[in-house]
Amino acid sequence: MDGPSGAGKSTFARKLKEALNATLIPTDHFATWDDPVAWWPRLQEVLDKIENGEEAKYQKNDWSEGFPRPGEWITIQPPDILIIEGVSAARKSIQHKLSYVIWVELEDQEHRLERAVGRDGEQSRRHLEKWQAFERGWFAVDDPKSRADYVVTSS
């Protein structure tokens, strides 16, 4: 599940996780303000273990104070259904391994920014503005929306 920040991906992913009794890995567990997408090798190690039927462990980033810091360790048993959610989750480099891509969007960038600030706190506004600028460039180059099986437009 991919799409821009503040579009509603996390909310939709949590609901889908419950409905499907799935396992959810948010990319926020790996990303940082300074490293929006290059952290992928850490997640790839987790995905490789799951794909091989092995237990996977990783230390997630804790964003509870508005910035990433080392958080709890997560252990994942190979699930029947795995949802990866977040900016760059449907990146072109792993398209061949994805069963289904959902793109979640909200066209109004200012509305998305305000939703994200409401979620993460006013202290995150400057970081979120930079993040949104980065993701516009990322989406223009990687174009995950064009590979989506389903597009969800939130309001």
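Summary table
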| quantity | calculated |
| --- | --- |
| Relative contact order (%) - criterion: Cα under 8 Å, at least six apart; region: the range 53-98 | 32 percent |
| Size-normalised alpha-carbon gyration radius of the chain, reference 2.2 N^0.38 Å | 1.00 |
| For the range 18-136: relative contact order, % (alpha-carbon pairs under 8 angstrom, 6 or more apart) | 27 percent |
| Beta bridges by DSSP in the chain, antiparallel share as percent, to the nearest 5 | 40 percent |
| Label-point gap, in nm, between GLU54 and GLU122 - each point 7 angstrom along Cα→Cβ | 4.8 nm |
| In the chain, lysine pairs closer than 15 Å at Cα, eight or more apart or cross-chain | 5 |
| Among ILE83, ILE25, ILE94, residue whose mean-square fluctuation peaks in a GNM of the chain (springs only between Cα atoms under 10 Å) | ILE94 |
| CD proxy at 222 nm, helix term only [per DSSP H run n ≥ 4: -39500 (n - 2.57); per residue of the chain; nearest 500] | -11000 deg cm²/dmol |
| Gap separating the Cα centres of the range 124-155 and the range 88-119, nearest whole Å | 5 Å |
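Quick note: the coordinates plus some simple rules give every number you see, no bench work behind them. Since this is a predicted model, take the numbers as computed values, not measurements. Because the Cβ atoms are built from the backbone with ideal geometry, glycine has one as well, and the counts that use them run over all protein chains shown.
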